[in-house]
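Scroll down for the structure; my scribbles are underneath it.
The values are calculated or read from the model by the stated rules, or taken from the named source; none is laboratory data. All of these numbers come straight from a predicted model, not from anything done at the bench. Methodologically, a virtual Cβ is constructed for each residue, glycine included, from the backbone with ideal geometry; neighbour enumeration extends over all protein chains shown.
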Amino acid sequence: MGIHESSRRVKKLWKSVVGYTVTGLAVVGSFLGIYTFLQGYSRYDLSGKWIITNTIQSTSYQPYQGLKLDYTVFLSQRGTDITGYGEKESENGRDLPPGAHNHISITGSIRGKKITATFVEEGTRRKTAGTFEWTCEPGNNTLAGTFTSTAADTAGLSAAQRASPAD
């Protein structure tokens with residue numbers, strides 16, 4: 001075997017090594033691209049009008065025990081990020097007068113079927129803050145889970161129902 005033949009084999013080997021390396025990097029890059037896309041994507045669209053009902057199960061202020069609070073909120077979703085705004089409109093099924101509607105703002109994210117969000121409610125005397133932990137039930141347009149709030153250390157069940165377009 002001459003030097004010329006040996007040189008050709010080395011070049012051929014290097015072309016193979018470079019080719020396999022480029023192919024491997026392309027495959028890895030494709031998987032990273034798909035992974036990155038999926039991290040910012042949700043198959044559920046929560047945008048729209050929702051009615052949230054929080055049922056207080058524990059509190060440091062006994063008169064709040066068992067109280068049901070209803071909020072009408074408008075959620076917007078971009079990828080997996082969620083924002084929203086709305087108002088508390090009723091307590092225990094009784095509509096509140098417009099001056100007693102507390103404004104609420106919501107920010108959160110969705111991962112799979114799990115929604116984690118924080119909220120700030122503008123009360124008549126003070127701001128309160130809290131969290132929602134929901135699971136999406138897309139078949140019946142509901143969210144179900146729990147809430148916590150700094151208002152009298154309340155916590156309990158939280159459910160949201162997508163409002164019909166006519167509402």
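How many residues does the range 41-59 contain that are surrounded by fewer than 18 Cβ atoms within 10 Å (Cβ to Cβ), small (Gly, Ala, Ser) and more than 14 Å from Ile106 (Cα to Cα)?
1
Among the residues of the range 16-56 satisfying the criterion of being small (Gly, Ala, Ser) and in a helix (DSSP H, G or I), which is modelled with the lowest pLDDT? Steps first, please.
Initial filter on the range 16-56 (small (Gly, Ala, Ser)): 16, 19, 24, 26, 29-30, 33, 40, 42, 47-48.
Within this subset, residues satisfying the condition of being in a helix (DSSP H, G or I) are 16, 19, 24, 26, 29-30, 33.
Numbers: Ser16: 78, Gly19: 73, Gly24: 71, Ala26: 68, Gly29: 65, Ser30: 63, Gly33: 52.
Residue satisfying both the conditions and the ranking: Gly33.
Tyr85 - would you say it is under 18 Å from Phe147 (Cβ atoms), in contact with a helix residue (DSSP H, G or I) (Cβ under 9 Å, 6 or more places away or on another chain) and aromatic (Phe, Trp, Tyr)?
no
What strands (runs of 3 or more DSSP E) completely inside the range 60-167 contain at least 3 residues that are surrounded by 14 or more Cβ atoms within 10 Å (Cβ to Cβ) and without any contact (Cβ under 8 Å) to a residue 40 or more places away in the chain?
Ranges flagged: 68-78, 81-91, 103-111, 114-122, 127-137, 142-149.
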